Protein chains: 2
Amino acid sequence: MARDESGFSHPDEGTLSLEAIFHALSDPYRLRIVRALAASAVPMNCGDLSFGRPKSSMSHHFRILRAAGVLHTTSQGVEHMNSLRRDMLDRRFPGLMAAILGETGQSAAGDHPRRLTPA
Amino acid sequence: MARDESGFSHPDEGTLSLEAIFHALSDPYRLRIVRALAASAVPMNCGDLSFGRPKSSMSHHFRILRAAGVLHTTSQGVEHMNSLRRDMLDRRFPGLMAAILGETGQSAAGDHPRRLTPA
């Protein structure tokens with residue numbers, strides 16, 4: 001676990017657990033965050049990933065995703081910028097993110113937003 | 001949702017949700033059940049998948065896996081026989097089970113039993 005200069009803690013690659021990643025992805029809003037980050041060429045701030053939900057609720061979701069090793073957060077001024085730890089996840093669990101994001105065949109991602117239910 | 005003659009309910013393919021599958025897989029014992037079934041050429045009874053845990057605890061895990069559509073249970077006499085719904089999962093979420101079971105590259109499966117913690 002490394003705490004960077006922004007004060008956010010991120011697990012090291014060797015400590016990632018598939019169970020923790022699955023827990024992180026078992027919530028529809030957290031899955032939306034992951035999909036939005038995967039589709040973005042640049043890091044995104046928390047406000048752009050709030051989907052109209054209260055800040056406190058989304059902070060909880062970001063914390064769980066960060067603790068599982070799914071995303072990386074840094075401070076830029078007053079903003080918290082998030083990016084997917086895709087390279088690390090792909091090294092550690094090959095094919096997992098591709099399958100989750102529907103990159104492997106017919107889309108596993110595309111048919112989910114309509115079934116989104118509040119967390 | 002279809003209830004078969006054994007009295008077990010199984011979700012239909014069209015109602016599967018990635019979130020429910022991830023919740024089902026977020027527990028180390030449930031992940032062990034899935035890996036054991038994936039490695040077995042034939043259905044396995046609950047006793048052979050109990051890993052020394054109490055029956056009530058494992059019944060709970062089987063129920064969650066069944067409700068998420070991950071496994072199928074039938075009665076054979078007094079035994080409950082379980083199998084992975086692999087074909088359906090592969091159709092619905094291509095590549096997901098392969099990634100979970102470590103079939104996609106270096107093993108995501110092989111290095112987990114030693115980090116297993118009690119549920």
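The values are calculated or read from the model by the stated rules, or taken from the named source; none is laboratory data. Since the model is a prediction, treat every value here as computed from it, not as a measurement. With ideal geometry, Cβ positions are generated from the backbone for all residues, glycine too; neighbour counts draw on all protein chains shown. Areas reflect the complete protein model, heavy atoms only, side chains present, ligands, DNA and RNA absent. Shrake-Rupley method; radii C 1.70, N 1.55, O 1.52, S 1.80 Å.
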TODO: Return P(r) of segment A:34-102 (all Cα-Cα pairs; 10 Å bins starting at 0; whole %; ordered from short to long distances).
DONE: 20, 53, 25, 3
Open item on the list: Please list B:78, A:70, A:42 from largest to smallest accessible area, probe radius 1.4 Å, with all protein chains kept in place.
Closed with: B:78, A:42, A:70
- [ ] Check each residue of segment B:7-39 and keep those whose accessible area, probe 1.4 Å, is at least 30 Å² smaller with all protein chains in place than in the chain alone; give them in order of residue number.
- [x] B:18, B:19, B:22, B:26, B:31
TODO: Rank these residues by their accessible area, most exposed first, probe 1.4 Å: B:27, B:12.
DONE: B:12, B:27
- [ ] Compute the distance in nm between two label points, each set 7 Å from the Cα along the Cα-to-Cβ direction, one at residue A:9 and one at residue A:103.
- [x] 3.0
Open item on the list: Need one value for B:89-95: mean number of C-beta atoms belonging to other chains within 10 Å of its residues' C-beta atoms.
Closed with: 5
